[in-house]
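Since the structure comes first, as structure tokens, the remarks are kept for the end.
The values are calculated or read from the model by the stated rules, or taken from the named source; none is laboratory data. Keep in mind that what you see is a predicted model, and the values were worked out from it rather than measured. Here the Cβ is made from the backbone with ideal geometry for all residues, glycine too, and neighbour counts use every protein chain on show. Ligands, DNA and RNA are excluded from the accessible area calculation, which covers all protein heavy atoms including side chains. Shrake-Rupley method; radii C 1.70, N 1.55, O 1.52, S 1.80 Å.
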Amino acid sequence: MPAIQLRDVSKRFGDTRALESISFDVKDGEYLCILGSTGSGKTTLLRTISGIIKPDQGEILYDNKNMKDVAVEDRNAVYVPQTYALFPHLTVIENVCFGPISKGVDLNEAKNRALQILKLVKLDKRANSYPNELSGGMQQRVALARGIASNTKLLLLDEPLGALDARLRLELRVELKKIAQENGLTVIHVTHDQEEAMSIGDRIMILRKGRIQQIGTPLHVYLSPQNIFVANFIGNTNFIEGTILKRNTRGSSIRIRGGYQIMVDDTSHVAEEPVVTAIREEKIKLFDHPIEAKNTLSGDLIGANFLGTFIRYEVKLDNGDILAALHPPNSDLTKLRLGDRVAISFETFHTKIFDYPVLGLKRELEAY
Ligand SMILES: Nc1ncnc2c1ncn2[C@@H]1O[C@H](COP(=O)(O)OP(=O)(O)O)[C@@H](O)[C@H]1O
Ligand SMILES: [Mg+2]
């Protein structure tokens, strides 16, 4: 039930700044996904919200109440760690019932509810197994079931689907969201899987090196990435370095490597400014013949990877830049061979312009 607020929360471990001035709100009943690479601070953030870690600085509020002096066990939040930490001497159902029974819930009632929840995570048939008889993915689901059974209103989930195989991960994603909605839970769900975050989160938050990069609905973050890192991290994006040549009220022209020119709709940068142009790979059109159109560049096909839904083509442009284009496999491009001459083109309105980063483009794309 609770709404969560973080105000300027920081945490260091020695020289490592694990969290840097983190501020955000989670609404009552909201499902927030926190997305970041390994080491970005996700676990530290969850543990800090749960109270296991004390922040060096800043405030954490549950329903406007400062949690500073509230003990972990009095916060009515459940943190489900990445490593499942089940009781080895208790069966699956006993693990799931443990919390409710120790809080005084009637034994039969607790068992019935535990069975229901085990059904949701597809483990009711293993209720009487011991943790060491289960696979890692099964143990993870028991830990999740135990978290849900605790009747908490705030669930803090650390990579809850990480150990599961692909199909089960998809199924449980849907179940988790449903459980949260039906029970009015506030959920903060940490993952490094962007598709998982986008599909399940009401909002997503991108974390990098302990700093928030962006927070918003998945669609908003996808369509309007706030910086180069987010544009690269969410979705598949090409980046072209260049300098603004001219701008008018309708757009700008940009000089790119090799003296070529491209046109974009952006008008926020002035002549001579160094910029980075971002174009999604799915917005790049590929042709097996020369074409006459705005923003057309030619080059050699140097890669073609079949990804299932798409073929990802890589083109080395005549100026040396390498761009990628995603195309459905049913197009006539399947006849292309590596080394063939090709042309690419893109619309002026599918581009997004960023300031050229102080430390260079490459540095900006790194997770650390
Ligand atoms: N107890 C600790 N002692 C020292 N460094 C830590 C500790 N916990 C986390 N860190 C460091 O803090 C950073 C963030 O870690 P973590 O929160 O575990 O990231 P994530 O969960 O995103 O992988 C990492 O650089 C990690 O090495
Ligand atoms: Mg972690």
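With contacts taken as Cα pairs under 8 Å and at least 6 residues apart, segment 193-305 reaches a relative contact order of 18 percent. Bridges between two residues of the chain, per DSSP, are antiparallel at a rate of about 75%. In a DSSP loop and with at most 10 other Cβ atoms within 10 Å, there are no chymotrypsin sites (Phe, Trp or Tyr not before Pro) in segment 284-321.
Per-residue 3J(HN,Hα) values for segment 289-299, derived from phi via the Karplus relation 6.51 cos²θ - 1.76 cosθ + 1.60 with θ = phi - 60°, read 8, x, 9, 9, 6, 4, 6, 10, 9, 10, x Hz in sequence order (x marks Gly and Pro). Count Lys and Arg as plus one, Asp and Glu as minus one, and take only other residues whose Cβ is under 15 Å from that of Asp355; the net charge is then -2. Structure note, pairs Lys27/Lys177; Lys119/Lys178; Lys42/Lys153: Cα-Cα distances above 18 angstrom occur for Lys42/Lys153. Calculated FRET efficiency, Asp63 and His350, Cβ-Cβ r, R0 41 Å, to nearest 0.05? After rounding to 0.05, the efficiency reads 0.40. Other residues whose C-beta falls under 15 angstrom from the C-beta of Gly210 contribute a net charge of +3, scoring Lys and Arg +1 and Asp and Glu -1. The order of the peptides 104-111, 6-13 by mean Cβ neighbours within 10 Å, most packed first, is 6-13, 104-111. Hey, with R₀ at 45 Å, roughly what FRET efficiency would Lys335 and Gln181 work out to, going by the Cβ-Cβ distance, to 0.05? Given R0 = 45 Å and the Cβ-Cβ separation, E is 0.40.
Hey, what did segment 256-368 get for relative contact order, percent, Cα under 8 Å, at least 6 apart?
Details: 194 pairs, mean separation 42.1, N = 113.
Relative contact order of segment 256-368: 37 percent.
What does the charge add up to near Arg257, with Lys and Arg as +1, Asp and Glu as -1, over the other residues with Cβ less than 15 Å from its Cβ?
Charge balance near Arg257 sits at 0.
For the listed peptides 76-82, 269-275, a ranking on the average number of other beta carbons within 10 Å per residue, highest first, reads 76-82, 269-275. Here the 3J(HN,Hα) profile of segment 267-278, calculated from phi with Karplus coefficients 6.51, -1.76 and 1.60 at θ = phi - 60°, is 10, 8, 10, 9, 3, 6, 6, x, 9, 10, 9, 9 Hz, Gly and Pro shown as x. Note on segment 38-178: the C-alpha convex hull projects to 9.5 nm² when averaged across all orientations.
Between Asn295 and Met263, the built amide H atoms are under 5 Å apart, and every one of these is 5 or more places off in sequence or on another chain. The share of Cα pairs per 10 Å bin across segment 236-365, counted from zero up to the longest distance, runs 13, 43, 32, 12, 1 percent. The convex hull defined by the C-alpha atoms of the chain has an orientation-averaged projected area of 22.2 nm².
Taking Cα atoms only, the orientation of helix 166-182 departs from the longest principal axis of the chain by about 60 degrees.
Considering only alpha-carbon pairs that sit under 8 angstrom and 6 or more positions apart, the relative contact order computed for the chain is 15 percent.
Taking a probe of 1.4 angstrom, what is the accessible area of Thr83 in Å², to the nearest 10? Only protein atoms counted, so the area is about 100 Å².
Spin-label model, Phe310/Asn248: points 7 Å from Cα along the beta carbon direction are separated by 3.3 nm. Cα to Cα, under 22 Å, and not fewer than 8 places away if on the same chain: which lysines meet these conditions relative to Lys316? Of all the lysines, those that pass the test against Lys316 - Cα under 22 Å, at least 8 places apart if same chain - are Lys283, Lys285, Lys294, Lys335, Lys352, Lys362. Need the full-extension length gain, Glu241 to Ala71, defined as separation in residues times 0.36 nm minus the C-alpha distance. One decimal, nm. This chain segment gains 56.1 nm when fully extended.
Sequentially through segment 112-127, phi angles give Karplus couplings (6.51, -1.76, 1.60; θ = phi - 60°) of 4, 5, 4, 5, 4, 5, 4, 5, 4, 8, 6, 10, 4, 6, 10, 3 Hz, Gly and Pro residues having no value and appearing as x. Computed over protein heavy atoms with a 1.4 angstrom probe, the accessible surface ordering of Asp158, Asp300, Asp165, Asp69, largest first, is Asp69, Asp165, Asp300, Asp158. Share of carbon and sulfur in the accessible area of the chain stands at 50%, probe radius 1.4 Å. The dipole here belongs to segment 4-121: it is taken about the Cα centre, uses +1 on the Cβ of Lys and Arg and -1 on the Cβ of Asp and Glu, and is about 240 debye.
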